[in-house]
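*Asks:* Please see the structure below; I have some questions.
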Amino acid sequence: MPSERASTFSEVGAGIQIGPNVVRQLNQWGLDTALQGVVAFPHRLQARDVRNGAQLGVLSLGRAMQQRYGAPYATVHRADLHTVLHTAVQQQASAELHTHHTLTQFQQNDDGVQVRWAEHADSASNGHSGDVLVGADGLWSPVRQWLLQDGPPRSTGHLAYRALVPQAQLPAHLRSQQVTAWLGDKLHVVQYPVRGGEW
């Protein structure tokens, strides 16, 4: 019984890297064909010095990961992965997807977990029960606070920027089907293919 605070699903974020353990689980859920259309399978990961481009190290991905772990290493646009998962949930007859719901509390016991929603506070049906609650609700997570009570997020002074570029718009020598981490003093830049390698 997934619940989502947003009223609609929209394109959020940029790319993410998913290791063989995650890819293997998604394949076991029957999502391998859907994933093939949106992920890229980089053949290697390299680290380079941001000052002079010198190669600092290389990790083989592709076939090496497949042989070692039974699944490949993949890179994917976050919105594409969300779409694959969202479509899979909608195809499950027993699944319910509730959007535009803000959790106000949860209770856990030996039978599972019950959640309460702000939108139906005065209603007898102001919540739901299930086997597990996954608190994947981001930086301002109330679930995290209920569990850990570690206070609001604090700024570290670090900044992160994300950008997407169609590879066809790049000069040929900058097009890549691998993961590259450019490492420098107090900064790093990571580039990798998404959207089937086209971006």
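*Asks:* Looking at the stretch 37-55, which of its residues are exposed (fewer than 12 other Cβ atoms within 10 Å of the Cβ) and either touching a residue at least 24 places away in the same chain (Cβ under 8 Å) or not in a strand (DSSP E or B) (or both)?
*Replies:* Narrowing the stretch 37-55 to residues exposed (fewer than 12 other Cβ atoms within 10 Å of the Cβ): 37, 51-55.
Within the stretch 37-55, 37, 51, 52, 53, 54 qualify.
For every residue, the table says whether it meets (1) under 30 Å from residue 42 (Cα atoms); (2) open to solvent by less than 90 Å² (accessible area, probe 1.4 Å).
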{"residue": "133", "(1), (2)": "no, yes"}
{"residue": "137", "(1), (2)": "yes, yes"}
{"residue": "157", "(1), (2)": "no, yes"}
{"residue": "162", "(1), (2)": "yes, no"}
{"residue": "165", "(1), (2)": "yes, yes"}
{"residue": "170", "(1), (2)": "yes, yes"}
{"residue": "173", "(1), (2)": "yes, no"}
{"residue": "177", "(1), (2)": "yes, yes"}
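*Asks:* Does residue 134 satisfy being outside any helix (DSSP H, G or I), of a type in the set (A, V, I, L, M, F, W, C) and under 16 Å from residue 75 (Cβ atoms)?
*Replies:* Details: outside any helix (DSSP H, G or I): yes; of a type in the set (A, V, I, L, M, F, W, C): yes; under 16 Å from residue 75 (Cβ atoms): no.
When the stated conditions are applied, residue 134 does not pass them.
*Asks:* I need a count of the residues in the stretch 139-155 that are part of a loop (DSSP other than H, G, I, E, B) and open to solvent by less than 100 Å² (accessible area, probe 1.4 Å).
*Replies:* In the first step, residues of the stretch 139-155 are kept if they are part of a loop (DSSP other than H, G, I, E, B); the result is 139-141, 149-155.
Now drop any that are not open to solvent by less than 100 Å² (accessible area, probe 1.4 Å), which leaves 141, 150-153.
Total meeting the criteria: 5.
*Asks:* State the number of residues belonging to the stretch 179-199 that are in a strand (DSSP E or B), among the aliphatic types (A, V, I, L, M) and open to solvent by less than 70 Å² (accessible area, probe 1.4 Å). Even if it seems obvious, please write down each step before you answer.
*Replies:* Within the stretch 179-199, the subset in a strand (DSSP E or B) is 179-184, 187-191.
Then drop every residue that is not among the aliphatic types (A, V, I, L, M), which leaves 179, 181, 183, 187, 189-190.
After this cut, where a residue has to be open to solvent by less than 70 Å² (accessible area, probe 1.4 Å) as well, the list is 179, 181, 190.
Residues that pass the stated criteria total 3.
The values are calculated or read from the model by the stated rules, or taken from the named source; none is laboratory data. Remember, predicted model here, so these are calculated numbers, not experimental data. Quick reminder, even Gly has a Cβ in these numbers, built from the backbone with ideal geometry, and neighbours come from all protein chains shown. Only protein heavy atoms, including side chains, enter the accessible area calculation; ligands, DNA and RNA are left aside. Shrake-Rupley method; radii C 1.70, N 1.55, O 1.52, S 1.80 Å.
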